[in-house]
1. In whole Hz and in residue order, list the ³J(HN,Hα) couplings for the stretch 126-143 that follow from phi through the Karplus curve 6.51 cos²θ - 1.76 cosθ + 1.60, θ = phi - 60°; x for Gly and Pro.
2. Please sort by residue number the trypsin sites (Lys or Arg not before Pro) in the stretch 132-219 whose DSSP state is loop and whose Cβ has at most 14 other Cβ atoms within 10 Å.
3. Does a label point 7 Å from the Cα of residue 190, set along Cα-to-beta-carbon, have any residues of the stretch 117-135 with amide nitrogen under 18 Å, and which are they?
4. Over all directions, the average projected area of the alpha-carbon convex hull for the stretch 178-232 comes to how many nm²?
5. Just tell me which aspartates and glutamates come within less than 13 Å, Cα to Cα, of residue 204; anything on the same chain fewer than 8 places away is out.
6. In Å³ and rounded to a whole number, note down the convex hull volume per residue for the Cα atoms of the stretch 374-453.
7. Counting DSSP beta bridges with both partners in the chain, what percentage is antiparallel, nearest 5?
8. Run the helix sum for the chain: -39,500 (n - 2.57) per DSSP H stretch of 4+ residues, divided by residue count, reported at 222 nm to the nearest 500 deg cm²/dmol.
Amino acid sequence: MEFTRELPEKIPVQERIRHYKEFIQNYSEEKLNQQASRCMNCGTPFCHSGCPLGNVIPEFNDAVFRGDWKEAYEILSSTNNFPEFTGRICPAPCEAACVLGINQPPVTIEEIEKHIIEIAFEKKFVVPRKPNMRTGKKVGVIGSGPAGLAAAAQLNAAGHTVTVFERDDQAGGLLRYGIPDFKLEKRVIDRRIQLMEEEGIVFKYNANVGVNVNINDLLREFHAIVLAGGSTVPRDLKIPGRELKGVHFAMHYLKQQNKRNSGIAATLSINSEEIESNMFPEDILAAGKNVVVIGGGDTGSDCVGTANRHSAQSVTQFELLPKPPDSRTPFMPWPTYPMTFKSSSSHEEGADRKWAIATKEFIGDGNGNLRGLKIVDLEWKITEDGKPASFVERPGSEREIPCELALLAMGFVHPQYEGLLNELGVELDEKGNIKASEINYHTNINKVFAAGDMRRGQSLVVWAISEGRECARKIDEFLMGYSFLESRDESLRITG
Ligand SMILES: Cc1cc2nc3c(=O)[nH]c(=O)nc-3n(C[C@H](O)[C@H](O)[C@H](O)COP(=O)(O)OP(=O)(O)OC[C@H]3O[C@@H](n4cnc5c(N)ncnc54)[C@H](O)[C@@H]3O)c2cc1C
Ligand code: SF4
């Protein structure tokens, strides 16, 4: 009742687009206390179920309010292995479910989470926790994204000996190569990986299972295997002119910039999938170009932020769907996650956002280079419950716009099959992801489990961590017959 929602200050746009560093500042101690005090400690805290990890939010808010950082950290880390990631980049479905959100702006849960973990690091509460005993069981984790890392951390905590195989040159999956540094500085990943190594987890890099590491050798060596390779095949836009120089997948553009920021040659690729498809033939730079990002989601927004940092001449972002409503409609009631209009910090930095647009052709300059796009406006038919159902092109709206760099950010269709998955003969679900139920995360192959985007399809970091944790518990039960690992299932929780 006394304080309203306030987010920490951001470094002004003109200053922050000159670098790739994070730009969201910290709360003062007083502000942090005030924001934590907005939590009402509801009898039925809907934020718990809004968070895919089941984070115990009112309890950690209360500990922050009382200034008990150790307790706040203990509560937070009991359900989330990596709050330093989610505290920076989670879209915070918990906040959409916050009870205060019924008639007030919700509690700043994500920011409070980030402050708890950063203060815990500062105060040296975060130390390597080695298991008291080893079980003698060995688990191989394929993929070091948030799902693989969470599974590895939990399995190691249960006493199993864990090796993580990663085809890239460093750990983190899309946290490392995908999400821009200005949203998540890579030192944050390095700090966590060092802790995990000190806890006894072994990381093997440039280890592409199914290519230069034989999966049958791993099946012989390990008592269980986790497939956590992500959903990496991007959705393409196969229209005339797709072959032109200047049309690229968003991920190639973003990954190159991540590499540049880490001092690694952007065009250097050690990932065999990329070498085979000649994905990195050139430096993809936006400087001085009219950039069009095709796809209105988070990946597209990351391209907008990166293109502005490259000093693009103009940045436009297209979305096929119509513009969403500004606030909840009767079809998206609290506490569901609302599909309303949202602007990211990258949009604040400048972008011409357009909805209900289809791209019909990439137009060349006669020398194989992209010089423009042929686009058309769409008229959408909306269903009674407010969902876009079908569209027709608006007559007479077809036109050409200048564009020298087009970035395809239209999502990912499924995991890569060549190599690992084909060799294993693993069963797929109707969407083309790995088939493994949420009940046991077990695939059709004995002792092979799956978690994260590879199993649930393209999703969020918080879901990947949740899947990694739940999968680890099922593997622990599979190996030992029981498990004391935490679970999202509250009936299995052992904290009290
Ligand atoms: C550009 C972009 C921005 C995003 N921004 C956000 C955001 O802001 N917030 C959010 O919550 N989510 C975001 N996401 C989604 C989020 O990053 C993913 O949902 C999450 O990383 C999935 O985790 P994962 O562990 O399942 O897979 P990934 O993170 O994809 O990791 C898979 C890892 O497995 C490795 N691998 C694959 N096959 C093999 C093999 N055969 N052998 C060895 N290693 C292998 C890959 O190299 C990779 O490192 C974003 C996604 C993208 C693409
Ligand atoms: S992990 Fe995401 S959903 Fe869960 S409490 Fe943190 S910000 Fe909210």
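1. Taking θ as phi minus 60°, the curve returns 8, 10, x, 10, 7, x, 5, 8, 9, 8, x, 9, 10, 10, x, 10, 9, x Hz for the stretch 126-143.
2. Working: sites: 134, 137, 138, 167, 176, 183, 186, 187, 191, 192, 204; in loops: 134, 137, 167, 176, 183, 186.
Of the trypsin sites (Lys or Arg not before Pro), the ones in loops of the stretch 132-219 whose Cβ has at most 14 other Cβ atoms within 10 Å are 134.
3. Answer for this model: 121-122.
4. Details: hull surface 20.9 nm².
With every direction weighted equally, the projected area is 5.2 nm².
5. Residue 204 reaches 166, 168, 169.
6. Numbers: hull volume 13.7 nm³, N = 80.
Per-residue hull volume (Cα only) is 172 Å³.
7. Working: 22 of 55 bridges.
In the chain, approximately 40 percent of DSSP beta bridges are antiparallel ones.
8. Numbers: 18 runs with 157 residues, N = 496.
Value at 222 nm, helices only: -9000 deg cm²/dmol.
Computed from the coordinates by the stated procedures, all read-outs in this text should not be read as laboratory data. Keep in mind that this is a model prediction, so the values were computed, not measured. FYI the Cβ positions are ideal-geometry reconstructions off the backbone, even for glycines, and counts take in every protein chain you see.
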